[in-house]
1. Would you mind stating whether A:Gly159 is away from DNA strand B (no atom under 11 Å from the Cβ) and free of Cβ contacts under 8 Å to residues at least 12 places away in the same chain?
2. Which pairs have Cβ atoms under 7 Å, sit 6 or more apart or on different chains, and link a residue in region A:190-218 that is touching a residue at least 12 places away in the same chain (Cβ under 8 Å) to one that is part of a strand (DSSP E or B) and aromatic (Phe, Trp, Tyr)?
3. Looking only at region A:121-131, count every residue that is touching a helix residue (DSSP H, G or I) at 6+ places or on another chain (Cβ under 8 Å) and within 29 Å of A:Asp152 (Cα to Cα) and tell me the total.
4. Could you check A:Gly159 against (1) more than 18 Å from the chain's Cα centre (by Cα); (2) crowded, with 23+ Cβ neighbours inside 10 Å and say which number it fails?
5. Of the residues that make up region A:149-164, is at least one within 16 Å of DNA strand D (Cβ to nearest atom), of a type in the set (A, V, I, L, M), touching a Cys at 6+ places or on another chain (Cβ under 6 Å) and at pLDDT 95 or above?
6. Of all residues being closer than 17 Å to A:Val110 by Cα and of a type in the set (A, V, I, L, M) in region A:171-203, which is surrounded by the fewest Cβ atoms within 10 Å (Cβ to Cβ)? Just the residue, please.
7. Kindly provide the set of residues from region A:130-167 that are within 16 Å of DNA strand C (Cβ to nearest atom) and outside any strand (DSSP E or B), ordered by number.
8. Can you name every one of the strands (runs of 3 or more DSSP E) wholly within region A:168-263 that holds 1 or more residues which are modelled with pLDDT under 95 and more than 29 Å from A:Glu80 (Cβ to Cβ)?
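The values are calculated or read from the model by the stated rules, or taken from the named source; none is laboratory data. For clarity, every value in this text was computed on a predicted model and none was experimentally measured. Virtual Cβ from ideal backbone geometry, glycine too; neighbours counted across all protein chains shown.
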Amino acid sequence: MCGRFTLRATPEEVANHFRLLDLPDFSPRYNIGPGQMVGIVRAQQAEPGAEERTPEINAASPKSASPAVGSDAEPAVKREWAWVKWGLVPHWAEDPSVGNRLINARAETVGTKPAFRTAARYRRCLIPADGFYEWKASSRGKQPYLIRLRGDRLFALAGLWDQWHSPTGEILETCTVLTVEPNPLVARFHNRMPLILPPEAYDLWLNPTIIQFDRLREWIRPYPEDEMEAVAVSSYVNSTRHEGPRCVEPAAGTGTLFDNNSS
DNA sequence: CCAGACGTTGTT
DNA sequence: GTCTGG
DNA sequence: CCAGACGTTGTT
DNA sequence: GTCTGG
């Protein structure tokens, strides 16, 4: 599953990887947890008070209707960075505290569950990350591991977002991370893992004209294990009050990098 | 029809 | 909001 | 995900 | 033990 992750890359790297029009503003994050504000990439939203009336955001574009192939070089839909709270609060929720429990959503069923169905059709997003944490129980307590791509590359968690209007009229934007079956590497830790999308899927995932969630099924699968690795890290990361490089320091005594090829 | 729910995760 | 259960 | 709380009453 | 908050 996914209850904690990192975004250690620079704003430049994120803007480049996700083809953002504007440079986002953030500091490296070593310990992003539920309830915190996270940066997401989503299809550019219509400006609320904009003078210019943009006719039908690309709804009829032939490019946006065909599946993206090969790379993420030419986004059919403009993308924007947004800050939202991790823990999805459905727009119809009475109490925003439900978000505390909706930090993950099963990708297999998200198209039909009432809490996620509409978001799965109209409000998908990518959540930039470059690592996530899993805890493994042992005789000496719980040992945290940082799981990342080989080469420590940036990647995208598949997510959904929603808007909630408080009684006093404030708008709360929130998100959730989709999960799938784990690949064998992550299965050492848990029976679920976050859904990681390859760049060639970004355009389809963010395309608001794709409202049939079934068209995204081919991307609902565990990320290849041979592109991933796990490192035992300090339990300093356990507390969400902790931030900084200490969170990813190799655990004392281990220093072991354990991946699919080690035995 | 109205009332009531709406979600995920963990684990021996 | 929208679906399920009674 | 882990950490930390876990409760009520009165009253100005 | 179980829920809430971060």
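1. no
2. From residues that are touching a residue at least 12 places away in the same chain (Cβ under 8 Å), the pairs are A:Pro194/A:Phe132; A:Ile196/A:Phe155.
3. Within region A:121-131, residues that are touching a helix residue (DSSP H, G or I) at 6+ places or on another chain (Cβ under 8 Å) and within 29 Å of A:Asp152 (Cα to Cα) number 6.
4. Just one mismatch for A:Gly159, condition (1).
5. no
6. A:Val180
7. A:Ser166, A:Pro167
8. Hits in region A:168-263: A:257-259.
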